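Peer 1: Okay, handing you the structure first.
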Amino acid sequence: MCPLICSGLSHESHRRDVEQVYLRCSQGSLEWLYPTGAIIVNLRPNTEASAGHVAGLYVCIKPMIYSQGSHLYLERAGDLTLLLAEEDQAQATVHCFSLAEGVLFVEAVPQTDISRRITAFQYELVPSRGPGAHMYPYLLPGRVTCKPCSDEEVLMAVCTSDFAGSGIFGVVASGTNDHSPVVVTLGRLFRQKSRVFAWSGAKGRGWGGRINVPAQCLVQPGGDEYLLTGSVHFGEAWLGCAPRYKDFLKLYTQAQREGTNPCQIDTE
């Protein structure tokens, strides 16, 4: 996690200055106090990556509701494309772009009084490939698909996803045009990141929480038990590969016999 705090007061006398900052964590936050001039935010993974690997990485940013004082652009070879205007940042909506598209250019809006202005956002580096990546609507807007994961993707998802467990879908809460949060109850929890699911005790049947499901994907409350895997973005769980649990058990048992399962889990 990389929190970075900058201050425009350091170059207030040079209001047209453009400064470079470098962030090499996979997720973090940036606060620009009293913004003046502009900053170029270089986001790169803290590994030596090939050109193909970088092309498969996206940056997702989520502005804070109090963020103001700047416009956010994508900059590539001197050309700027507006990503997020100052007035839109209070909605705290996630926006994603490919690293191959350019770098983040944050330009301060000229103000007579900058004392109350703070530009602030969280960011994550998100791979566009892998189990369940096609289910995150902000990554590829308008191109979410709900096709079943392949056997190989399911086995990899239970090993590498931010969360994995088995449970049932419950009430579908009101959401947006892109997705809806669905209440889930998990009888088994193999792993989780950021504690998105809370233990509710034996009477509550195990672990409880919410998973964001893309609007294109229909879920049936109650009914069958599913293997629930997915990713965590900005503290929220998003559904990835989710076959029926009984089908996953058959697949996992067969992979165990053949020695092709990528990891061991306790299915008892």
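Peer 1: Pull out all pairs, ordered by first then second residue, where Cβ-Cβ is under 9 Å, the residues are six or more apart or on different chains, the first lies in segment 130-157 and is within 22 Å of Arg244 (Cβ to Cβ), and the second is assigned to a loop (DSSP other than H, G, I, E, B) and acidic (Asp, Glu).
Peer 2: Close Cβ pairs (under 9 Å, with a partner that is assigned to a loop (DSSP other than H, G, I, E, B) and acidic (Asp, Glu)) amount to Val144/Asp178.
Peer 1: Mind counting the residues in segment 132-145 that are over 24 Å from Gly102 (Cβ atoms) and either out of contact with any strand residue (DSSP E or B) (no Cβ under 9 Å at 6 or more places or on another chain) or loosely packed, with under 14 Cβ neighbours inside 10 Å (or both)?
Peer 2: Counting residues in segment 132-145 that are over 24 Å from Gly102 (Cβ atoms) and either out of contact with any strand residue (DSSP E or B) (no Cβ under 9 Å at 6 or more places or on another chain) or loosely packed, with under 14 Cβ neighbours inside 10 Å (or both) gives 1.
Peer 1: Here's something else I'd like to know. With respect to Ser194, is the statement that it is hydroxyl-bearing (Ser, Thr, Tyr) and assigned to a strand (DSSP E or B) true?
Peer 2: no
Peer 1: Identify the residue in segment 7-39 that is farther than 14 Å from Tyr123 by Cβ and assigned to a strand (DSSP E or B) and, among all such residues, is modelled with the lowest pLDDT.
Peer 2: Applying the first criterion (farther than 14 Å from Tyr123 by Cβ) to segment 7-39 yields 7-20, 33-38.
Pick out the ones that are also assigned to a strand (DSSP E or B) and you get 7, 18-20, 33, 38.
Details: Ser7: 69, Val18: 88, Glu19: 90, Gln20: 91, Leu33: 91, Ala38: 94.
Ranking the candidates gives Ser7 first.
Peer 1: Suppose the filter is farther than 30 Å from Ile265 by Cα, assigned to a loop (DSSP other than H, G, I, E, B) and not assigned by TED's automatic domain parsing to the domain that holds Ile211; does Leu140 pass it?
Peer 2: yes
Peer 1: I'd like the full set of residues that are within 18 Å of Glu101 (Cα to Cα) and touching a Leu at 6+ places or on another chain (Cβ under 8 Å), limited to segment 27-45.
Peer 2: Matches in segment 27-45: Ile40, Val41, Asn42, Leu43, Arg44, Pro45.
Peer 1: Something else: Among the residues of segment 162-179, count how many are farther than 13 Å from Ile265 by Cα, modelled with pLDDT of 90 or more and polar (S, T, N, Q).
Peer 2: 0
Peer 1: Looking at (1) at pLDDT 85 or above; (2) crowded, with 17+ Cβ neighbours inside 10 Å; (3) closer than 19 Å to Leu251 by Cβ, which is the one condition that is false for Glu152?
Peer 2: Among (1) at pLDDT 85 or above; (2) crowded, with 17+ Cβ neighbours inside 10 Å; (3) closer than 19 Å to Leu251 by Cβ, the lone unmet condition for Glu152 is (2).
Table: residues versus (1) modelled with pLDDT of 90 or more; (2) in contact with a Leu (Cβ under 8 Å, 6 or more places away or on another chain); (3) of a type in the set (Asp, Glu).
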site: Ala198; (1), (2), (3): yes, no, no
site: Gln216; (1), (2), (3): no, no, no
site: Pro221; (1), (2), (3): no, no, no
site: Gly235; (1), (2), (3): yes, no, no
site: Lys250; (1), (2), (3): yes, no, no
site: Gly259; (1), (2), (3): yes, no, no
site: Pro262; (1), (2), (3): yes, yes, no
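Peer 1: Within segment 161-185, take every residue that is hydroxyl-bearing (Ser, Thr, Tyr) and in a loop (DSSP other than H, G, I, E, B) and give me the one that is surrounded by the fewest Cβ atoms within 10 Å (Cβ to Cβ).
Peer 2: Ser174
Peer 1: Tell me which residues, restricted to segment 186-215, are touching a Phe, Trp or Tyr at 6+ places or on another chain (Cβ under 7 Å), surrounded by fewer than 18 Cβ atoms within 10 Å (Cβ to Cβ) and within 17 Å of Tyr245 (Cα to Cα).
Peer 2: Leu189, Arg191
Peer 1: Being out of contact with any strand residue (DSSP E or B) (no Cβ under 7 Å at 6 or more places or on another chain) and within 18 Å of Gly235 (Cα to Cα) is the filter here; which residues of segment 153-177 pass it?
Peer 2: Thr160, Thr176
The values are calculated or read from the model by the stated rules, or taken from the named source; none is laboratory data. Predicted model only: the values in this text are computed from it and were never measured. As a convention, Cβ positions derive from the backbone with ideal geometry for all residues, glycine included, and neighbour counts pool all protein chains shown.
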